[in-house]
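The values are calculated or read from the model by the stated rules, or taken from the named source; none is laboratory data. Computed from a prediction, not measured in an experiment: that's the story for all the values here. In this analysis, Cβ positions are derived from the backbone assuming ideal geometry, glycine residues included, and neighbour counts consider all displayed protein chains. With ligands, DNA and RNA removed, areas are computed over all heavy atoms of the protein, side chains included. Shrake-Rupley method; radii C 1.70, N 1.55, O 1.52, S 1.80 Å.
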Amino acid sequence: MRSVDGRELRSFSFKEEAPGQEVRAVERKLLLETLSSKLPLNSISYSSRVKAIKKQGSGETLLELDDGTQLLAKIVIGCDGIRSPVAKWMGFSEPKYVGHCAFRGIALYPEGQPFKARVNYIYGRGLRAGFVPISQAKVYWFICFNNPSPGPRTDDPSILKKQALELMRNWPSDLLDVLHNTPDDVVIKTPLVDRWLWPGFSPAASTDNVVVVGDAWHPMTPNLGQGACCALEDSVVLAGKLSAALKDGGESVEAALRAYGEERWARIFMVTARANLVGSLLQWDNPVVCEFRNNIMIPWFVRLAPFLEHTNFECDLLEPVAST
């Protein structure tokens, strides 16, 4: 952890402070390709956003897609992201903007990136950045900055990169090197949002054999790096519940979906709230408060093990599917 002038505020060693913990930086593209490679051929249809959802008298669900295709489904699993049409149909509110945005990208070093295998955080006033190697030739980075509104949408990545560099002017040279080695076409900017699933006010995770997973159900800010992790946890728990219901025949699918939502709610609510709180603290812009953070709180009070406590979660193992 460093300040804008490059001064080291604190460094952590997993071996010394959090035995058994680790960081695995995985490029999302590779993760998705790995997961999809296990599906039967032609299982995925691209450019097929859901346009309308209609319940049928038979209890099945009719999905109408943008390309005109219609699908009749016995079970619908909505894992279609923050702006999920499935979640909207189920009555979920729009995710709420939390007051800051993020630039993100991946730097390329064809001859090999020069950084050690560690996570780097740099803190400013209402502005922070970080980077971590994800392979011998790639480095992931982010910049998070306060903004009263999400601002106009900009799709030109070259403009986004210029905006990111302008924000980081006079910041540490290694961070600037990472930004300069980032191709224009991989820079993105997103407003950070979340949705708190208040009991008694938010819809259930499932209704009439339609269920939501991941960001479609519980969008959260990326301050803990747990969004995709929680989506994977959802998937494992849901698969286990559905597998038991379909295999045994004793428990209905609707009951299995309901059990999934009930089991996952407590963890999801905690991680969403914690991510929001951590982001609010790290985005301080008051100069006095930032001095307190950099010179007292981080050096003397921040500890690695409690900070990573939310990652201590284990899913039950899924039974492997027999090859045919």
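Distance between the C-alpha centres of region 255-324 and region 136-203: 20 Å, rounded to the whole angstrom. The packing ranking of peptides 260-270, 79-89, highest mean first, is 79-89, 260-270, where packing means the average number of other beta carbon atoms within 10 angstrom of each residue. The share of accessible area on the chain that comes from carbon and sulfur is 56 percent, using a 1.4 angstrom probe. Taking all C-alpha pairs of the chain, those more than 35 Å from each other amount to 28 percent. Selection among C290, A231, G261 by position relative to the dipole of region 172-324 gives C290 as farthest towards the positive end (Cβ unit charges, Cα centre).
If you roll a 1.4 Å probe over the heavy atoms of the protein chains, what accessible area per residue do you get for region 36-88, in Å²?
On the way: 3700 Å² over 53 residues.
Per-residue value: 70 Å².
With θ taken as phi - 60° and the Karplus curve 6.51 cos²θ - 1.76 cosθ + 1.60 applied, the whole-hertz 3J(HN,Hα) list for region 211-222 is 9, 10, 9, x, 4, 4, 9, 9, x, 9, 6, x Hz, x standing for glycine and proline.
Phi-derived couplings, Karplus 6.51 cos²θ - 1.76 cosθ + 1.60 at θ = phi - 60°, listed residue by residue for region 152-169: x, 6, 10, 9, 7, x, 5, 5, 4, 5, 4, 5, 5, 5, 5, 5, 8, 4 Hz, with x used for Gly and Pro. Among the lysines in region 3-120, how many pairs, 8 or more places apart or on different chains, have alpha carbons under 26 Å apart? Count of close lysine pairs: 14.
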